[in-house]
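Beneath this line is the structure, given in C-alpha cells, with notes to follow.
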Amino acid sequence: MERIAIFPGSFDPFTIGHESIVRRAFSLFDKIFIAIGYNTNKRGFFPLEKRVGWIKQVFENDPQVEVNYYEGLTVDFCRKVNAKYILRGLRTAADFEYERAIAQINKAMYPGLETVFLLTTPEYTPVTSTIIRDIIRQGGDATKFLPNSVDLKTFRIEDLENE
Ligand code: ADP
C-alpha cells in the first residue's frame, strides 16, 4: 500500500527548514502532500497563491510531492487524500508541547492516523517563518533562509498592502 503523508502548515513563507523536513521524509513516504491550512478570517502575510506557487517551484522535479491548500480540519483533508500520516518538524521543547496536543487530538478524531516527527537539522533550528516575515517587513534580505526558487526579489511589499 502506498504510504501517503501530508505536511501541513501555514508556510508563510516556505523556508529552508521546511524544505529540509520534506526532503528527509522522501525515504519514509511514497507521496507527500504539502498542504497549506487556510483560514478565510486569518489570511496570513503572503497571498495563498504565492505560497502555493513558491512551494511548487521548490519541488518541480520531485514527482512524489503535491502542493495543495485546505480549509477546515487537517484530519478531514487527510481523509480526503487518503493520507495515514501527518509529517511535522520539531525545533524546540515549545514545539513539542504544542505538537503533542495536536497530534493526540488528531489521533482521537482519526484513529488510523499517525503523526511522524522529524527533529530539525541543528543549523535550521532558528529559522522560522515569523522571523523571516519580520525581516521582510523591515526591508531586510531574507534570501539565505529561503529555498533558491523562492524569489522575494520579484515580490513587492506594496502589493501586499493593496490586497
Ligand atoms: P504552523 O503554522 O502549522 O506552525 P509552519 O508553517 O510554521 O506551520 O510549520 C509547518 C511545520 O514545519 C511544523 O511542523 C513546524 O514545526 C515545521 N518547521 C517550521 N520551521 C522549521 C524548521 N526551521 N525546521 C524544521 N521544521 C520546521
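The values are calculated or read from the model by the stated rules, or taken from the named source; none is laboratory data. Keep in mind it's a predicted model, so treat the numbers as computed, not measured. No Cβ is skipped: glycine too gets one built from the backbone with ideal geometry, and neighbour counts run over all protein chains shown. Just so you know, the surface numbers come from the protein's heavy atoms only, side chains and all, with ligands and any DNA or RNA stripped out. Shrake-Rupley method; radii C 1.70, N 1.55, O 1.52, S 1.80 Å.
Scanning the stretch 41-79 for residues that are part of a helix (DSSP H, G or I), under 14 Å from ILE6 (Cβ atoms) and within 13 Å of the chain's Cα centre (by Cα) yields a total of 2. Of all the numbered requirements in (1) at pLDDT 95 or above; (2) in contact with a helix residue (DSSP H, G or I) (Cβ under 8 Å, 6 or more places away or on another chain); (3) among the aliphatic types (A, V, I, L, M); (4) part of a helix (DSSP H, G or I), VAL116 misses one, and that requirement is (4).
Between VAL67, VAL58, the distinction of being within 30 Å of ALA108 (Cα to Cα) and either modelled with pLDDT under 95 or open to solvent by less than 30 Å² (accessible area, probe 1.4 Å) (or both) belongs to VAL67 only. Among the criteria (1) at pLDDT below 95; (2) under 17 Å from THR15 (Cα atoms), the one ALA94 does not fulfil is (2). When the stretch 8-36 is filtered for residues that are open to solvent by less than 40 Å² (accessible area, probe 1.4 Å), at negative phi and assigned to a loop (DSSP other than H, G, I, E, B), the ones remaining, listed by number, are ASP12, PRO13, PHE14, THR15, PHE29. When PHE59 is tested against (1) among the aromatic types (Phe, Trp, Tyr); (2) under 24 Å from SER27 (Cα atoms); (3) free of Cβ contacts under 8 Å to residues at least 12 places away in the same chain, only condition (3) is not met. If I filter the stretch 81-92 for residues that are surrounded by 15 or more Cβ atoms within 10 Å (Cβ to Cβ), part of a loop (DSSP other than H, G, I, E, B), of a type in the set (Lys, Arg) and within 14 Å of the ligand (Cβ to nearest atom), do I get at least one hit? Yes: the stretch 81-92 contains one or more residues that are surrounded by 15 or more Cβ atoms within 10 Å (Cβ to Cβ), part of a loop (DSSP other than H, G, I, E, B), of a type in the set (Lys, Arg) and within 14 Å of the ligand (Cβ to nearest atom).
The set of residues from the stretch 100-118 being more than 10 Å from the ligand (Cβ to nearest atom) and in contact (Cβ under 8 Å) with a residue 24 or more places away in the chain comprises ASN106, MET109, TYR110, GLY112, LEU113, GLU114, VAL116.
Would you be able to tell me the number of residues in the stretch 119-148 that are among the hydrophobic types (A, V, I, L, M, F, W, C), surrounded by fewer than 16 Cβ atoms within 10 Å (Cβ to Cβ) and either in a loop (DSSP other than H, G, I, E, B) or within 11 Å of the ligand (Cβ to nearest atom) (or both)?
Number of matching residues: 2.
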